[in-house]
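The structure appears right after this line, and notes come after that.
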Amino acid sequence: MPWKGQKDAYKIWLSEIILQQTRVQQGLSYYNKFVHLYPQIFDLAQAPDDEVFKLWEGLGYYSRCKNLLHTARSIVAENGGIFPKTYDEIIKLKGVGPYTAAAIASFAYDLPFAVVDGNVYRVLSRFFGIDLPIDSNAGKKLFFELANECLDKKNAAHYNQAVMDFGAVVCKPQLPTCQACVLRKKCLAFKKGLVNQLPVKEKQLLKSNRWFYYFVFRYEDKVLINQRTGKDIWRQLYEFYVYETFSEIQWNDKKVDTFLSEQLGIFNYNLTTTSSIYKQKLTHQNISGQFFEIKLEEIPQSLANFSILSLPELSGLAFPRFINQYLEKADFQD
Ligand code: SF4
């Protein structure tokens, strides 16, 4: 992306305002047009309103465009066209919140402010194994403080870019490549088998359709079990390794293999059963899902935190009805 590695605060600000509420692929052409027509803040400040609004057409949220013009003109009129150089001054600009201020301050001037975007939330919540919802007030505060604690203060621009890129490329929302991850040995989510359950979002927990894909790992004559601890349905109940999504996945052997190898480091296994779709209706949620029974040759590090129980021991544990339906099937006991 052309704004990566950019040191010109004006261009960084331009890219950040364009990318608020806009996908990168869509914002890119707008950014290029703006930089081409208005290479310096003076050019933007002098441009007629109609011309700038025409250029903005299609991006929506026109208040962003109004703020853009207002800010460019006030910086030229009041500060001789010199972009503010401190976080406190930057955050006072119209349309600039803490995230954008931190991005401009660190990328343009290497000031020690952590940028906390969706990628950063995800990396931190997984690495530190934190299940506080990232969209709750308490969660936002905690992750903001944690991000600033972790920040390499002498290298803020590189550090911020690195964590964001790491979240986008390695610690991805779906199917992160844990097996190839340099942080794996210290990552709590990986150690506890919680990678797919983090980060937690309050809004997502309220979604009405949820898909639970259970991997029923069997080792010798035993089964790997975990207890649900997060603030969610079925708290304290037991379950198998779960991969939750908010839409259906069409699984096939290759997808299962990629999931097991890349994410859990499981290479030697035998997929013995793929169940049909199970369903359960809760008051506000429809749960659907599937069970994959996997015979393991050994217990991988990614599942080291799971309890390994014999079948008779399972009968003493409380499971959600969704799982009980499955357990009651005769062929599971074989
Ligand atoms: S091990 Fe997996 S979850 Fe942990 S930081 Fe690496 S990619 Fe993310």
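Just so it is clear, none of the values below were taken in a lab; they were calculated from the coordinates. Quantities reported herein were computed from a predicted structural model and do not represent experimental measurements. Ideal geometry is used to build each Cβ from the backbone, glycine not excepted, and the neighbour counts take in all protein chains shown.
Of note:
- Gyration tensor (alpha-carbon) shape descriptor, segment 189-334, a/c threshold 1.5: rounded
- Backbone HN-Hα couplings from phi across segment 8-13 [Karplus 6.51/-1.76/1.60, Hz, Gly and Pro as x]: 7, 4, 4, 5, 5, 4
- A straight chain from Ala162 to Leu309 at 0.36 nm per residue would run longer than the Cα-Cα distance by 48.8 nm.
- Looking at segment 250-309, the GluC sites (Glu not before Pro) that sit in a DSSP loop and have at most 14 other Cβ atoms within 10 Å of their own Cβ are Glu297, Glu298.
- Taking amide H atoms as placed 1.01 Å from N in the peptide plane, the amide H of Lys172 lies under 5 Å from those of Thr177, each 5 or more residues away in sequence or on another chain.
- Cβ-placed point charges (K, R +1; D, E -1), dipole of segment 9-169 about Cα centre in debye, nearest 20: 80 debye
- In terms of the mean number of neighbouring beta-carbon atoms within 10 Å, the peptides 274-283, 195-204 order highest first as 195-204, 274-283.
- Karplus 3J(HN,Hα) series, Hz, for segment 112-127 with 6.51 cos²θ - 1.76 cosθ + 1.60 (x for Gly, Pro): x, 10, 7, 8, 10, 9, x, 5, 5, 3, 5, 4, 5, 5, 6, 4
- Charge-dipole axis of the chain as Lys and Arg at +1 and Asp and Glu at -1 on Cβ define it, positive-most pick from Tyr30, Pro98, Ile323: Pro98
- The chain: most fluctuating residue of Cys187, Cys150, Cys171 per GNM, C-alpha cutoff 10 Å: Cys150
- Within the chain, percent of DSSP bridges classed antiparallel, to nearest 5: 65 percent
- Partner lysines whose Cα lies under 18 Å from the Cα of Lys33, excluding those fewer than 8 positions away in the same chain, are identified as Lys4, Lys11, Lys54, Lys66.
- Using alpha-carbon coordinates, inclination of helix 156-169 to the longest axis of the chain, degrees: 40 degrees
- GluC sites (Glu not before Pro) lying in DSSP loop within segment 13-101, provided at most 15 other Cβ fall within 10 Å: Glu57
- Converting phi to 3J(HN,Hα) with the Karplus coefficients 6.51, -1.76 and 1.60 and the offset θ = phi - 60°, segment 256-273 yields 4, 5, 4, 4, 5, 6, 6, 9, 10, x, 9, 10, 9, 7, 9, 7, 8, 9 Hz in sequence order, with x at every glycine or proline.
- Loop sites in segment 1-33: trypsin sites (Lys or Arg not before Pro), DSSP, at most 16 other Cβ within 10 Å: Lys4, Lys7, Arg23
- Think of it as helices only: each DSSP H run of n ≥ 4 in the chain is worth -39500 (n - 2.57), and spread over all residues that comes to -11500 deg cm²/dmol at 222 nm.
- Projected label points at His70 and Asp88, each 7 Å from Cα along the beta carbon direction, are separated by 2.3 nanometres.
- Computed from Cα atoms, the angle from the helix 98-109 axis to the main principal axis of the chain rounds to 60 degrees.
- Since only Thr283, Phe127, Ala162 are under comparison, the one whose Cα sits farthest along the positive direction of the charge dipole of the chain, derived from C-beta charges on Lys, Arg, Asp and Glu, is Thr283.
- Dipole in debye (nearest 20) - the chain, about Cα centre, beta carbon charges: Lys, Arg +1; Asp, Glu -1: 420 debye
- Cβ-to-Cβ counts within 10 Å put Lys255, Lys140 in ascending order as Lys255, Lys140, the fewest first.
- Taking the convex hull of the alpha carbon positions in the chain and averaging its projected area over all directions gives 19.0 nm².
- In segment 207-333, lysine pairs with alpha-carbon atoms under 20 angstrom apart (chain gap of 8 or more, or interchain): 11
- Furthest towards positive pole of dipole, Phe113, Ile225, Leu194, structure part the chain, Cβ charges: Phe113
- Computed from the C-beta positions of Met1 and Phe128, the FRET efficiency with R₀ = 22 Å rounds to 0.20.
- Amide H contacts under 5 Å for Val200, placed H, 5+ residues apart: Ile134
- Here the extension length gained between Lys172 and Glu145 equals 7.5 nm, from 0.36 nm per residue of separation less the Cα-Cα distance.
- Fewest-first sequence of Trp251, Trp56 by Cβ atoms within 10 Å of each Cβ: Trp251, Trp56
- Fewest-first ranking of Met1, Met164, using other Cβ atoms within 10 Å as the exposure measure: Met1, Met164
- Computed over segment 207-333: relative contact order in percent, which uses C-alpha pairs under 8 Å that are six or more apart: 35 percent
- Close amide H pairs (under 5 Å, H built 1.01 Å from N) link Val216 with Phe292, Glu293, Ile294, residues at least 5 positions away or on another chain.
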